[in-house]
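Quick notes on the structure that follows.
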Amino acid sequence: MTKQEIEKKVELIKEISGCDPYKCMKCGKCSGSCPAFNEMDVKPHQFASYIVNGDIESLVSSKSLWKCLTCLACIERCPRSVQPGKLIDAARQLVERERGGDYLHAEDIPELLDDDVPQQLLVSAYRRYRR
Amino acid sequence: MQRIGVFVCHCGTNIAATVDVKKVVELVRFEPGVVFADDYMYMCSEAGQEKIIAAIKEHDLTGLVICSCSPRMHEKTFRACAEKAGLNPYMVEVANIREQCSWIHKDREEATEKAVILARAAIAKVNLNTPLQEGESPVTKRALIIGGGIAGIQTALDIADAGYEVDIVEREPSIGGRMSQFDKTFPTLDCASCILTPKMVEVNQHPNITLYTYSEVEGVSGYVGNFDVKIRKKARSVDMSACTGCGECQAKCPLGKMGKIPSEFDRGLRTRPAIYMPFAQAVPAVPVIDRENCTYFKTGKCGVCAKICPSKAVNYEQEDEIVTVKYGAIVVATGFDIINLDKFGEYAYNESPDVITSIELERLMNASGPTGGHLERMSDHKQPKDIVFIQCVGSRCDDEKGKPYCSKVCCMYTAKHAMLIKDHWPDTNITVFYIDVRTPGKNFDEFYRRAVEQYHVNYVKGQVGKVIPQPDGSLLVQGVDLLDNKQIMKKTDMVVLAAAVEPNKGVRKIATMLTASIDNNDFLTEAHAKLRPVESPTAGIFLSGMAQGPKDIPETVSQAGAAAVKVVGLLAKDKLKTNPCTAKCDPMFCNGCSTCANVCPYGAITYEDQQVRGPGVNETRRVAVVNNALCQGCGACTSACPSGAMDLQGFSNRQITTEVDSICR
Amino acid sequence: MQGLIDRLTALLSDGTVARVIGWKKGDMAYNPEPHMFETAESLKDFVYDGFCGANLSKMMIEASKLEGKTAVCLKPCDTYSFNQLIREHRVVRENAYIIGVGCRGKLDIEKIKKGNKGITSISGTELDGSDDIKIETIYGDKNISYKDALLDRCHVCKGKDHMIFDEVWGESKDTADQERFAEVEKIEAMTPEEKFAFFRNELSKCIRCNACRNVCPACSCRKCIFDNTKFDAQQKANVVSFEERMFHIIRAFHVAGRCTDCGECSRVCPEGIPLHLFNRKFIKDIDKFYGEFQAGKDPEAQSPLTDFTFEDIEPGERG
Amino acid sequence: MKYSYYPGCTLKNKAQDLDVYARRAAVALGFELEEIPEWQCCGGVYPMGSDEIATKLSSVRALNYAKEQGQDLITLCSACHHVLKRVNDDMKNVADISDRANNYMGLDEPYKGETTVVHFLEVLRDRIGFDEIAKKVVNPLTGKKIGAYYGCLVLRPGKILEFDDPEDPKIMEDFIRALGAEPVIYPYRNECCGAYSSLKEGGVSQERTKLIFDSSEGFGADMLITACPLCMYNLNKSEADSKIPVYYFTELLAEALGVKEGNS
């Protein structure tokens, strides 16, 4: 990515999330709360620094985009209103809005179903994992 | 017509870098009334002042406009300078072209234009200024300290030792405050009682100090040098002069054994009787009856304490007493409390008795505390083998759950707690979750390092997301180690929360009564953060201790001494100059409607029947009269008066509208 | 009505009062005017009927200065104004003999005139009159319901009780059948642009006749700020579109917390501007921010706007 | 009292128990659920992006319908409740989203968040009152020890949902008490069950549900109740050793009120 592209993406993440990554004081309460912490490569308390430092490339290619459960615990507990859950959601939006960015494909679905799967699960996953 | 001189200051580059000072001089020269204009590098310097004095004499100036910094900074300086040259000091106006202009603008042209406009407004005002004379008021040589913690105690002792009379008003039954709840104090680990109790006794015995414990300030009127303070002495239900403090009543109170009334002093970790002293070393050593809980007061039955009192000191009929005392100065030393943790449910404070606050831990480690100084879990009374401390609970928060500031004392007291525990029970594992360790202060970082190096306290950089009580009675702490980049699941026996400090709840009411300003966090504001740190912007009100902001005991004691010196400096004067910018009523316009008296915070307005004569009017009617000694020139009456009869000298409605008009020109 | 005249005559004759403030017959059936009766004889022109809407409390300001007591006829809603004037030391209670006159709501002649041209006489408007009023016009007679012809303000009546009186004459009725703040809420729901357009349209009708100011019992200054030469206010008052931008707004601010919502301003406005809306908005906000307050209900009560309590709403908070 | 009722996709299919029992309980408690005609799926998760408009419109339609009826909008499913309440908050307080959504919708009168969104449980607590419910219970669930499983969506973010204290909620416990049973408070009641990850990443939800079961059973619960079909699914699919039965809260309500069997 060129410097301009990075800057554009940083701005986009800030705009979509509505959060200010500069407010982060690196206390780690988000990572101390996160139920998916062990699944993630980039940890919740690092989201803000990746954005501040312009390392968007690493952030958008991280596994964490798809591991966040959107349980909102970090959003509820963040003492600085940085709300890492919103930042990672915005990063995921960047990926999904580009062609081929989906994490879930329609053809994969039949295999993932069982008789009990509630409609809610399908809709939620669909909305989270793809555009 | 005035003969006005305008003096534009460069303030080094503070103003000149952004404002074209020469251009300002050239442009204001032609304003109505201006006969002289000049600029100088530092107007407030001796040379600058000489320049002003010379110009006053040479050009017969009758008014001055100084374009410089905020009037809060140097208005006094320039008024004194004018007086030296024989000019009435109230013929001087300061146009603030620094804080409100050069410092906030980047564009030179814009800033210059604004400087000219600000100067023009000041010139327009001076054209309407009239000489004003300062009056004099006497000083009552007695000080009031609100709050009897270590801050109030030290301030009182220092003032009393200087030879002035001091009263302390303390809400609780005893003086001593928070410090009396503590076990040891950092960084030298003196026992808190050992250093506080002698001071409490000294206060009690000092001939210049009067104690009003179990008392509250109920109303304040008057002004610097002459405050009238209403103090409510709540009924103790015990005769102070008869009681010997033998403690029989406390021991026999039937409610004491029932264990229903949580002890405030022990933070609810034990219970107390309805007739009680908060702690054994209480000063005065006289109990009070908590009427809300006392069986006698609730049902009219019992009366055990009165029956067994050997000196017949218990008096159920006692009533609240209100005394009004005159003071020259008031010190606010209302101290702090810790925040309520209801909004931090993730730490399970309300769920588990083994999650406690640091003040509760102080009580649990104190030899006079509920466990006799033996550290134990409140759930099963077992000694904890593993303890987790969590820092910054509610401090440094950006949202409304907590406080935006650093509480300043937690890092140090946590290191203290860790070391004290390790001293007594060396095999205890201690983990501290921290964001930063903040230990500026003499011997402070050394103190913290000792906890790590000598006592092997485990400091983990990171926060705790959740404290999870386990079915087996232990606690699981889910947090993060940021340096290892790992989520931690730590089983522990006890969790201690460093809850944020906050000003005592009552301070808002007291600040309102004193018209002393408070900040967004309810800490009292100082007159100048650097140069006047122990004074409130309200004259005659001084600040001591945590009421002004988070601080530890050494800092509190220093500030207490500083406040005392300021009070003594005031009380040493026999007369104070009064502000001549007071309100004045024009009886021609006055309706006598009482609106102004209703809004006057100083009680400076009364009414009398006056003969009013004017075009087409000749009658006797009720009109407002301002007492110049009481009026502080706040202007509340002038804005409330519907007919415009009230006006403020030096800031008259006309002067202000003229300023506005000249800005909008 | 004759009973009231008899009573007033007696009060004058036995020297209890030196004069009577009441209403005098007008040249038409519907325009009685406030009047100070000095003799028992002159009371033959006294009238009290559905058209006696005028609030006479303000006349006591001048009457208070006269020798002896003055009998003043006050309807229930006028007594609020009188209390407020006592609180502001504008009238002397001891100099007034208050006859609390009964009221079943007052009539709006404009409503009656609508669709009834050429009125020659109106009857049945007395306090003890029937539910209908009879209108005779040059085109014939017609009955309309008393209730339908009420002034708007009577639909939000504050109640039938007199807040202060020496004696009461006649029965009163609470005529409230509408929500007091409904009109205000309608305006609150507008966008800022709509509000501005609404008020600009209304206030542009103002001819600055000062009727509102002169009738308002809260506008009791010796000299109005707008006539005050001391602060250039008078001069500023002459700028274009002043009525829209300043006069009514400032007047509303000056009476805020003191206005009893008597509705006289709107009743007397020759241009029909709903001036009471400003005041009622203030009343609504005061109720919301400081708890319910009715000016003039209790002459001892502190007005929320000039009183201070520790529970007061803080700047920036919205109730 | 009549409510505009938004059942949501799952209640019409896999979570019919949640719906049917709620309808019967409502009748017994004296309020009416009027299903919004032609409601559209809320999407299951709230689109957090500040520039997401289209994904919020189905919610706006339902909200506006309730406004037109002059009714409050009631939901049962935690996810629908979450999405509708947050979109409503956007329409009320976020001018940009509100303007753009309204431009798109082209309603006669713009929708500005006028509707009140309530969860069925909130109606029970705030409008009926748990004391009143307790009085109407005919089959008290005496002796049952029930753990409330809240999950995430019904509680967070606390500031917008204003449902209960997000870290230390009480509403479902009070509900359990009202039915005559004993609530079991356990720390994992507001921890995530793994949510939508179970479709592709089953492992996490296995881990999470195990913690939930271990903790609730450890504190003595012999059953769990929930208000979310996805939580229900994840809990049911759990392979935890400590697995205890899970019910929708409405089923127990209907049972306690004696209306479990019958027409709806």
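The values are calculated or read from the model by the stated rules, or taken from the named source; none is laboratory data. Quantities reported herein were computed from a predicted structural model and do not represent experimental measurements. Cβ sites come from the backbone with ideal geometry, for glycine too, and all protein chains shown count toward neighbours.
Give the stretch B:635-653 a look and list any residue that's outside any strand (DSSP E or B), within 13 Å of chain C (Cβ to nearest Cβ) and either in contact with a strand residue (DSSP E or B) (Cβ under 7 Å, 6 or more places away or on another chain) or modelled with pLDDT of 90 or more (or both), or say none.
Of everything in the stretch B:635-653, those that are outside any strand (DSSP E or B), within 13 Å of chain C (Cβ to nearest Cβ) and either in contact with a strand residue (DSSP E or B) (Cβ under 7 Å, 6 or more places away or on another chain) or modelled with pLDDT of 90 or more (or both) turn out to be B:636, B:637, B:638, B:639, B:640, B:641, B:645, B:651, B:652, B:653.
Across the stretch C:286-319, which residue is farthest from the chain's Cα centre (by Cα) among those that are surrounded by fewer than 17 Cβ atoms within 10 Å (Cβ to Cβ) and in a helix (DSSP H, G or I)?
C:289
Sort out which residues of the stretch B:391-435 are acidic (Asp, Glu) and under 25 Å from residue B:345 (Cβ atoms), and write them in order of number.
Matches in the stretch B:391-435: B:398, B:399, B:400.
For every residue, the table says whether it meets (1) over 30 Å from residue B:522 (Cα atoms); (2) at pLDDT 90 or above.
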position: B:550; (1), (2): no, yes
position: B:555; (1), (2): no, yes
position: B:567; (1), (2): no, yes
position: B:587; (1), (2): yes, yes
position: B:618; (1), (2): yes, no
position: B:632; (1), (2): no, no
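Confirm whether residue B:665 is over 22 Å from residue B:512 (Cβ atoms) and within 13 Å of chain C (Cβ to nearest Cβ).
Criteria not met by residue B:665.
Can you name the number of the only condition in (1) loosely packed, with under 12 Cβ neighbours inside 10 Å; (2) acidic (Asp, Glu); (3) farther than 21 Å from residue C:250 by Cα that residue C:166 fails?
Failing condition for residue C:166: (1).
Return the residue satisfying two criteria in turn: it lies in the stretch D:227-247 and is away from every other protein chain (no Cβ under 12 Å) and among the hydroxyl-bearing types (Ser, Thr, Tyr), and of such residues it is surrounded by the fewest Cβ atoms within 10 Å (Cβ to Cβ).
Here the answer is D:247.
If I filter the stretch C:29-46 down to residues being surrounded by fewer than 15 Cβ atoms within 10 Å (Cβ to Cβ) and within 21 Å of the chain's Cα centre (by Cα), which single residue comes out as modelled with the lowest pLDDT?
C:31
Among the residues of the stretch A:102-122, what is the count of those that are surrounded by 10 or more Cβ atoms within 10 Å (Cβ to Cβ) and not in a loop (DSSP other than H, G, I, E, B)?
7
Here is a list: D:199, D:211. Which entry is over 20 Å from the mean Cα position of the chain (by Cα) and within 12 Å of chain B (Cβ to nearest Cβ)?
D:211
Can you pull out every residue in the stretch B:613-643 that is touching a Phe, Trp or Tyr at 6+ places or on another chain (Cβ under 6 Å), more than 25 Å from residue B:224 (Cβ to Cβ) and crowded, with 19+ Cβ neighbours inside 10 Å?
B:643 - this is the single residue of the stretch B:613-643 that is touching a Phe, Trp or Tyr at 6+ places or on another chain (Cβ under 6 Å), more than 25 Å from residue B:224 (Cβ to Cβ) and crowded, with 19+ Cβ neighbours inside 10 Å.
What do you reckon, is residue B:33 surrounded by fewer than 20 Cβ atoms within 10 Å (Cβ to Cβ), in contact (Cβ under 8 Å) with a residue 12 or more places away in the chain and of a type outside the set (Ser, Thr, Tyr)?
Considered against the rule, which asks whether it is surrounded by fewer than 20 Cβ atoms within 10 Å (Cβ to Cβ), in contact (Cβ under 8 Å) with a residue 12 or more places away in the chain and of a type outside the set (Ser, Thr, Tyr), residue B:33 comes out as yes.
Need a quick list: helices (runs of 4 or more DSSP H) entirely within the stretch D:143-259 having at least 2 residues that are farther than 19 Å from residue A:75 by Cβ and not β-branched (Val, Ile, Thr).
Those helices (runs of 4 or more DSSP H) span D:171-178, D:202-218, D:229-236, D:249-257.
This table checks each residue for (1) in contact (Cβ under 8 Å) with a residue 40 or more places away in the chain; (2) within 14 Å of another protein chain (Cβ to nearest Cβ); (3) of a type outside the set (Lys, Arg).
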site	(1), (2), (3)
C:262	yes, no, yes
C:270	yes, no, yes
C:274	yes, no, yes
C:284	yes, no, no
C:289	no, no, yes
C:300	yes, yes, yes
C:307	no, yes, yes
C:315	no, yes, yes
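Could you check, for the stretch B:71-86, whether at least one of its residues is outside any helix (DSSP H, G or I), over 21 Å from residue B:47 (Cβ atoms) and modelled with pLDDT of 95 or more?
Within the stretch B:71-86 (the criterion being outside any helix (DSSP H, G or I), over 21 Å from residue B:47 (Cβ atoms) and modelled with pLDDT of 95 or more), the answer is no, since none of the residues qualifies.
Scan B:566, B:551 and give me the residue that is touching a helix residue (DSSP H, G or I) at 6+ places or on another chain (Cβ under 9 Å), of a type outside the set (Val, Ile, Thr) and away from every other protein chain (no Cβ under 14 Å).
B:551
How many residues, within the stretch A:22-69, are over 11 Å from the mean Cα position of the chain (by Cα) and buried (at least 21 other Cβ atoms within 10 Å of the Cβ)?
18
Could we say that residue A:110 is at the interface with chain D (Cβ under 10 Å from one of its Cβ atoms), more than 23 Å from residue A:40 (Cα to Cα) and not hydroxyl-bearing (Ser, Thr, Tyr) here?
No: the conditions fail for residue A:110.
Residue-wise test of (1) of a type outside the set (A, V, I, L, M); (2) surrounded by fewer than 17 Cβ atoms within 10 Å (Cβ to Cβ); (3) under 30 Å from residue B:137 (Cβ atoms).
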position: B:263; (1), (2), (3): yes, no, no
position: B:273; (1), (2), (3): yes, no, no
position: B:305; (1), (2), (3): yes, no, no
position: B:323; (1), (2), (3): no, yes, yes
position: B:331; (1), (2), (3): no, no, yes
position: B:352; (1), (2), (3): yes, no, no
position: B:358; (1), (2), (3): yes, no, no
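Check residue B:104 against each of (1) free of Cβ contacts under 8 Å to residues at least 12 places away in the same chain; (2) in a loop (DSSP other than H, G, I, E, B); (3) over 37 Å from the mean Cα position of the chain (by Cα) and name the one condition it does not meet.
Only one criterion in (1) free of Cβ contacts under 8 Å to residues at least 12 places away in the same chain; (2) in a loop (DSSP other than H, G, I, E, B); (3) over 37 Å from the mean Cα position of the chain (by Cα) is unmet by residue B:104, namely (3).
Do you know which residues across the stretch B:355-382 are assigned to a helix (DSSP H, G or I) and either out of contact with any strand residue (DSSP E or B) (no Cβ under 7 Å at 6 or more places or on another chain) or not small (Gly, Ala, Ser) (or both)?
Within the stretch B:355-382, B:359, B:360, B:361, B:362, B:363, B:364, B:365 qualify.
Condition first: within 7 Å of another protein chain (Cβ to nearest Cβ) and buried (at least 19 other Cβ atoms within 10 Å of the Cβ). Now tell me which residues in the stretch B:581-598 satisfy that.
Of everything in the stretch B:581-598, those that are within 7 Å of another protein chain (Cβ to nearest Cβ) and buried (at least 19 other Cβ atoms within 10 Å of the Cβ) turn out to be B:589, B:591, B:592, B:593, B:595.
Across the stretch B:344-382, what is the number of residues that are under 31 Å from the mean Cα position of the chain (by Cα) and of a type in the set (Val, Ile, Thr)?
Going through the stretch B:344-382 one residue at a time, the tally reaches 3.
Which residue, of A:30, A:71, is within 14 Å of chain B (Cβ to nearest Cβ) and not in a helix (DSSP H, G or I)?
From the options A:30, A:71, the qualifying one is A:71.
So which residues in the stretch B:239-280 are over 16 Å from residue B:296 (Cβ atoms), touching a Lys or Arg at 6+ places or on another chain (Cβ under 7 Å) and not in a loop (DSSP other than H, G, I, E, B), if there are any at all?
Result: B:271, single match.
Within the stretch C:176-210, how many residues turn out to be within 22 Å of residue C:287 (Cα to Cα) and of a type in the set (Val, Ile, Thr)?
Residues in the stretch C:176-210 being within 22 Å of residue C:287 (Cα to Cα) and of a type in the set (Val, Ile, Thr): 2 in total.
Can you find a residue in the stretch B:192-214 that is more than 27 Å from residue B:367 (Cβ to Cβ) and out of contact with any strand residue (DSSP E or B) (no Cβ under 6 Å at 6 or more places or on another chain)?
Scanning the stretch B:192-214 turns up at least one residue that is more than 27 Å from residue B:367 (Cβ to Cβ) and out of contact with any strand residue (DSSP E or B) (no Cβ under 6 Å at 6 or more places or on another chain).
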